[in-house]
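The values are calculated or read from the model by the stated rules, or taken from the named source; none is laboratory data. Bear in mind that the values here come from a model prediction, so they are computed numbers and not experimental data. Using ideal geometry, Cβ is built from the backbone for each residue, glycine included, and neighbour counts are taken over all protein chains shown.
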Amino acid sequence: MLMHTGQKPYDCRECGKSFSQAGHLKTHLHTHSGEKSHDCQKCGKSFSLAVNLKRHLRTHSGEKPYQCTICEYSCSNSGDMKIHTRSHTGVKPHKCNYCDKSFITVSHKKRHELIHKDTKSHLCTQCDYTCNQAANLRRHMLTHTGEKPHRCTVCDYAASQESNLKSHMMTHIGEKTNKCKYCTYTTVHATALKGHIRIHTGEKPFSCTQCSKAFTWKSTLNKHTVSHNHSFSKWPVRVLGGRIGPCQYKN
């Protein structure tokens, strides 16, 4: 009956967590004792809880009993399915402690919060690049090695980042799942849709640091920046008919 009333009279003395049943507390205590009596017969890995061993065994069998009711996604444990479902519902329960952004998973939230802390402890050994995430450094290192481990199964395309390969694969599928809510525009790329929507909203998030102009696309800002950075006064003369004369482009 305690399950229905919400009462949890069984408290863990180690961490303070409470449980409605004594059996649940007993199971939980294994996580503190370090006892791992449940062994995998396939690889020898040990677990403190039988349920964790059961979940692990699916990595060997390939079994994926949890099927998404909205798309074709399937997985081996209920936790992953719960997180996946949020990609459909839009639920983001983990809020950043420093800004208004929210995230689907705790790991995504923690990764984001490093931006606020600005602790760039991961240093590139080839150049001056620094970042606050080991994964970002690994991706960056591929720019030096030229390695492209992510290969298309349809054509010869290869990419250094998995996200680039995923975008490429959509060109083969031809499925334009990203749809504009203001017009009939559709695209295979989420980033392209994001930029397109700015046409409707009038948002111009990319501002020039040297003047007051703002732009919808970063590429347009980059082109504009050249007008400030590229000063022709660096070349006061040019060759005219084989003779040196004043440059007509001089400011």
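Q133 fails exactly one of the following numbered conditions: (1) in contact with a strand residue (DSSP E or B) (Cβ under 9 Å, 6 or more places away or on another chain); (2) exposed (fewer than 12 other Cβ atoms within 10 Å of the Cβ); (3) not aliphatic (A, V, I, L, M). What is the number of that condition?
For Q133, the exception is condition (2).
Could you please let me know if S121 is at pLDDT below 90, in contact with a helix residue (DSSP H, G or I) (Cβ under 8 Å, 6 or more places away or on another chain) and among the small types (G, A, S)?
No.
Please specify each residue of the range 53-77 satisfying the condition of being in contact with a helix residue (DSSP H, G or I) (Cβ under 9 Å, 6 or more places away or on another chain) and of a type in the set (S, T, N, Q).
Correct list: Q67, T69, S74, S76, N77.
From the list T216, T186, T201, exactly one residue is surrounded by fewer than 14 Cβ atoms within 10 Å (Cβ to Cβ) and over 28 Å from L137 (Cβ atoms). Which is it?
Testing whether each residue is surrounded by fewer than 14 Cβ atoms within 10 Å (Cβ to Cβ) and over 28 Å from L137 (Cβ atoms) leaves just T201.
Could you tell me which residue of the range 115-130 is surrounded by the fewest Cβ atoms within 10 Å (Cβ to Cβ), considering only residues that are polar (S, T, N, Q) and in a loop (DSSP other than H, G, I, E, B)?
T125
Under 30 Å from I199 (Cβ atoms), surrounded by 14 or more Cβ atoms within 10 Å (Cβ to Cβ), out of contact with any Gly (no Cβ under 9 Å at 6 or more places or on another chain) and not β-branched (V, I, T) - does that describe any residue in the range 147-158?
yes
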